[in-house]
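Engineer: What follows is a single structure, and I will ask about it in a moment.
No lab work stands behind these numbers, since they all come straight from the coordinates. These numbers were taken from a predicted model, which means no experiment stands behind them. Cβ: placed from backbone, ideal geometry, glycine included. Neighbour counts: every protein chain shown.
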Amino acid sequence: MSKIIKNNIILLIGLGIGMLVGFLYWNFIGCSTGSCPLTSNWFIMILYGGMMGGLIGNMMDEKIKKSKTKTNQ
């Protein structure tokens with residue numbers, strides 16, 4: 001389990017930050033009327049933020065791993 005976390009730490013950090021940003025967006029900016037499908041529900045906004053943060057974290061992780069292998073060669 002520890003090896004999985006160690007290999008995907010940047011992805012997990014991105015996921016956590018995205019979830020936090022999603023919640024903060026819902027709390028401070030979100031739709032107050034309830035007519036907006038994403039921003040009116042806190043749970044959906046946290047999932048969406050986590051998905052976006054995870055995607056960005058995954059892209060960053062791949063770039064970092066490529067640059068490390070490039071410098072080692």
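Engineer: Hand me the list of helices (runs of 4 or more DSSP H) wholly inside the chain holding 1 or more residues that are free of Cβ contacts under 8 Å to residues at least 60 places away in the same chain and among the acidic types (Asp, Glu). If you could, list the steps in order and put the result at the bottom.
Structural biologist: On the way: elements: 2-7, 9-28, 42-72.
Passing ranges, in order: 42-72.
Engineer: When the residues of region 1-11 are filtered to those that are among the aliphatic types (A, V, I, L, M) and either buried (at least 16 other Cβ atoms within 10 Å of the Cβ) or farther than 22 Å from residue 63 by Cβ (or both), which remaining residue is farthest from the chain's Cα centre (by Cα)?
Structural biologist: Of the residues in region 1-11, the ones among the aliphatic types (A, V, I, L, M) are 1, 4-5, 9-11.
If we keep only those that are either buried (at least 16 other Cβ atoms within 10 Å of the Cβ) or farther than 22 Å from residue 63 by Cβ (or both) as well, we get 1, 10-11.
Values: 1: 21, 10: 10, 11: 7 Å.
Result: 1.
Engineer: Can you give me the number of residues within region 16-44 that are surrounded by 12 or more Cβ atoms within 10 Å (Cβ to Cβ) and under 19 Å from the mean Cα position of the chain (by Cα)?
Structural biologist: Here is the first cut: in region 16-44, the ones surrounded by 12 or more Cβ atoms within 10 Å (Cβ to Cβ) are 16-26, 30-31, 36, 38-42, 44.
Right, trim to under 19 Å from the mean Cα position of the chain (by Cα) and you get 16-26, 30, 38-39, 41-42, 44.
Count: 17.
Engineer: Just need a number here: residues in region 45-66 that are crowded, with 18+ Cβ neighbours inside 10 Å and either closer than 13 Å to residue 25 by Cβ or aliphatic (A, V, I, L, M) (or both). First the steps, then the outcome.
Structural biologist: Taking region 45-66 as the starting set, the residues that turn out to be crowded, with 18+ Cβ neighbours inside 10 Å are 45-46, 48-50, 53-54, 57, 61.
Adding the requirement that they be either closer than 13 Å to residue 25 by Cβ or aliphatic (A, V, I, L, M) (or both) leaves 45-46, 48-50, 53.
Within region 45-66, residues that are crowded, with 18+ Cβ neighbours inside 10 Å and either closer than 13 Å to residue 25 by Cβ or aliphatic (A, V, I, L, M) (or both) number 6.
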